[in-house]
Amino acid sequence: MKTLSPSDLDRYSSAITLSDMEIFVFPDLMYSLVLANIMSPIIWRWRELDTFKKLEDKTTYRKLLRLKQFIMDEFDFNLDLETWGLTERAVELERFKAYIRPEQIEQSNALFGYQGDKYYFDVDIRRHFGLDKYHSDIIPYWKTETIEAMMAFELKRDYGKAAGECVSLSALYAAAAYIVCGVPLEDIFMVLTPLHSQNFLDVQGGILTNNRRLVTKAMWFNGTEITNKAQRALKNERVSIVAHASGHIHCLYDEATIDPKEYDRFTERLQDYLTAALTLPLIANFLRMESQYQKYFQVCRDCHGQPQFLKAEVLFHYEHGSNFRVADETFEKLLGEVSDEDYFPYELPDRIRCDQLSEFLTKKPLDLNKEGDRALFVKVLSPVLMDADAFVEKLMDFLYTEPRLPGREKTFVASPTIELTPDMTREEVLEYLQAQRETNPVVDLAFYAYRDVTTCDWDPFVKAALERNPVSIEKSKEMSIDQVYTWLLGMADGSIYDGRRLAQPDEVVNYKSGDGAEKALVLANVIRHRDPDQALTIEMTEDSARVSGEKTYCFFCYKGLVKTLALGAHEVAS
């Protein structure tokens, strides 16, 4: 086990607490969490469920759709700011100033002053996230959960099912796409922005994970409200980090470890995903979103050899209560649901005929990125649309999204690619990753995120436990130390982590369950917070954990850990 420098100790302890800010400063952590989830037995058990077993011979896309529904059914999106406690901006800025200048953090993170662009420009970010009830210097930790912590939300009051915030869900999706759906890791790119985290899967023209949902290219351009929300991050924010099996690239750091060929593939495929040709179906989807323009369009259908005309806004109104949609393969069925009284036997004045517009675009394909094509399209629309220029500008924004990715002008430093294949068993995965720890820091950090204290240095785990677990401090603040001990004894004895892996104090307190070794760390955290001058010792044996200071407190253990932690005043040592 290697000796950790102070900066390594900060990074390795961050692999355990995994706050959004820590991931931003130490981008290796994002993929380390994915690997920790891949090592976990939980997702591997999903493969044995009937819902996935019966799809073994189906396409990857079918499996991903089933995974999406499974996650929708089993997980809630959680953005409770107090789940993992609060900290102060000044404390965090001071902590990370050796890595990133405070003004850079303030320009890149929503909790530190970032306001975003376009959509977010006029939004009060603190009010948007419910932070306005706190002093302006108070911010949430916003820790990212492992799959174990996500599953344990079912133990929390008012939940009853698994949950997680966006970064947790993106890490879950990446691991589950590999384990359950057989998506190669090299086809999964993690995309982090200041306010969001998503994955881009290089599958069937591209699939974007967005919290619990999947967004295909067709869905990206369908003009629905749900899709509009899914678009906000890539349309309005710059991308902070792209993480991949081959490494990462960061918006602020000069060095990038991602394979440059893989990054080029990602940028090309993502741009293809975010770009659509100008066709009538895409215009119809645009009108679904920009409903104020529907009144300038009409639909023509043939009825026994006679043309009939229908106001576009009326047709979209019918769509609201129908299983059929404008401009897709169910379009004719939707027309069949329209009342005869809504059709007109004559062409409506001052409206563009969609059939004629479609014929024009078929004969003369236009690229709105070209000035000449844009001017021609404005000319076609102008007889009806007084603000044709504004219409076309909005339509361009709908059809073309230019993601603000980290620039290619980086120093690319070769790093080991994580070469896990979808046909590997969990045992083979664990064996492979264990063998890579000496040469790949991302893999080594993954074992810390996995909470494998038997093969990791204890100092990062203890440092995280005693410095970044405010929930246990807050919830016990009215209790004496003896009362805290009694409170912990009254909790369930089961750990949320199997084997000899350990939960952090706030996980124990949030889920009201823990092994004696975990409860001992909760008690040590409370004592240390109240009396930092008191030296403490935690002695773990096969069946007990003793916290000794001015008094001794004993907990029953079943994890079988044998370890003595000597916590001198104001220090962490093992």
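Sort T552, T87, T209 so that the residue with the fewest other Cβ atoms within 10 Å of its own Cβ comes first and the one with the most comes last. All intermediate terms of the calculation are to be shown ahead of the outcome.
Details: T552 10, T87 20, T209 29.
Final ranking by Cβ density, sparse to dense: T552, T87, T209.
Sequentially through segment 336-347, phi angles give Karplus couplings (6.51, -1.76, 1.60; θ = phi - 60°) of x, 7, 6, 4, 4, 5, 8, 8, 10, x, 9, 5 Hz, Gly and Pro residues having no value and appearing as x. The Cβ shell under 9 Å around K410 holds other residues with a net charge of -2, Lys and Arg each +1, Asp and Glu each -1. With axes computed from alpha carbons, what is the tilt in degrees of helix 280-289 against the longest principal axis of the chain, rounded to the nearest 10 within 0 to 90? Roughly 60 degrees between the two axes.
Using the charge dipole of the chain (Lys, Arg: +1 at Cβ; Asp, Glu: -1 at Cβ; taken about the Cα centre), state which of F75, T425, L565 has its Cα farthest towards the positive end. In the chain, that residue is F75.
For segment 410-416, 3J(HN,Hα) computed residue by residue from phi via the Karplus equation (6.51, -1.76, 1.60; θ = phi - 60°) reads 10, 8, 7, 9, 4, 9, x Hz, glycine and proline entered as x.
Where in segment 391-443 are there GluC sites (Glu not before Pro) that are in a DSSP coil and have at most 10 other Cβ atoms within 10 angstrom of their Cβ? Could the numbers behind the result be given before it?
Values: sites: E393, E409, E419, E427, E428, E431, E438; in loops: E409, E419, E438.
Here the GluC sites (Glu not before Pro) that fit, given the DSSP loop and packing criteria, are E409, E438.
Just name one of Y450, H250, N199: the one whose Cα is farthest towards the positive end of the charge dipole of the chain (beta-carbon charges, Lys/Arg +1, Asp/Glu -1). Positive-end residue among those listed: N199.
When the chymotrypsin sites (Phe, Trp or Tyr not before Pro) in segment 473-574 are filtered for DSSP coil states and for at most 14 other beta-carbon atoms within 10 Å of their beta-carbon, the remaining sites are Y558.
Treating the beta-carbon of each Lys and Arg as +1 and of each Asp and Glu as -1, no other charges, what is the dipole magnitude of the chain about its Cα centre, to the nearest 20 debye? Numbers along the way, then the final one.
Details: 67 positive and 92 negative charges, 76 e Å.
So the magnitude is around 360 debye.
The alpha-carbon of K563 sits under 26 angstrom from the alpha-carbons of these lysines, leaving out residues fewer than 8 places away in its chain: K2, K463, K512, K519, K551.
The H on the amide N of V453, modeled in the peptide plane, is under 5 Å from the matching H of L502, each at least 5 residues off or on a different chain. Against the chain, whose longest principal axis is taken from its Cα atoms, helix 354-363 shows a tilt of about 80°. Ignoring aspartates and glutamates fewer than eight residues from K370 along the same chain, the ones with Cα atoms less than 16 angstrom from its Cα are D389, E393, D397, E402.
Judged by the gyration tensor of its Cα atoms, with axes a ≥ b ≥ c, segment 452-567 is rounded; a/c sits under the 1.5 cut. In segment 334-415, which trypsin sites (Lys or Arg not before Pro) are in a loop and have at most 15 other Cβ atoms within 10 Å, using DSSP for the loop call? Here the sparse-neighbourhood loop sites are K370, R408.
Under 5 Å between amide hydrogens, built in the peptide plane, is the criterion, and for L567 it picks out L536, T537, I538 among residues at least 5 positions away or on other chains. Which pairs, out of K229/K477; K217/K333; K311/K364; K97/K410; K217/K364; K261/K364, put more than 28 Å between their alpha-carbon atoms? In this structure, K229/K477; K261/K364 exceed 28 Å between Cα atoms. Mean residue ellipticity at 222 nm, helices only, the chain: -12000 deg cm²/dmol; runs of at least 4 DSSP H residues each add -39,500 (n - 2.57), and the sum is divided by the number of residues.
With only Lys, Arg, Asp and Glu charged, each at its Cβ (+1 for the first two, -1 for the last two), find how big the charge dipole of segment 452-567 is about the Cα centre; round to the nearest 20 debye.
So the magnitude is around 100 debye.
For K363, a cut-off of 17 angstrom between C-alpha atoms picks up these aspartates and glutamates, skipping any fewer than 8 places away in its own chain: D355, D373. Whole Å is fine, so just give me how far the alpha carbon centre of segment 265-292 lies from that of segment 26-83. So the separation of the two Cα centres works out to 28 Å. As a rough footprinting exposure proxy, the listed residues M30, M39, M396, M289 were ranked by other beta carbons within 10 Å of their own, and the order from fewest upward is M396, M289, M39, M30. Helix 28-39 and the long axis of the chain differ in direction by around 80°, with both axes built from C-alpha atoms. Taken about its Cα centre, segment 346-464 carries a charge dipole of roughly 480 debye when the Cβ of each Lys and Arg holds +1 and the Cβ of each Asp and Glu holds -1.
Each value in this text was obtained by applying a stated rule to the coordinates, not by laboratory testing. Everything quoted here is computed from the prediction, not taken from an experiment. So basically every Cβ, Gly included, is an ideal-geometry build from the backbone, and we count neighbours across all protein chains shown.
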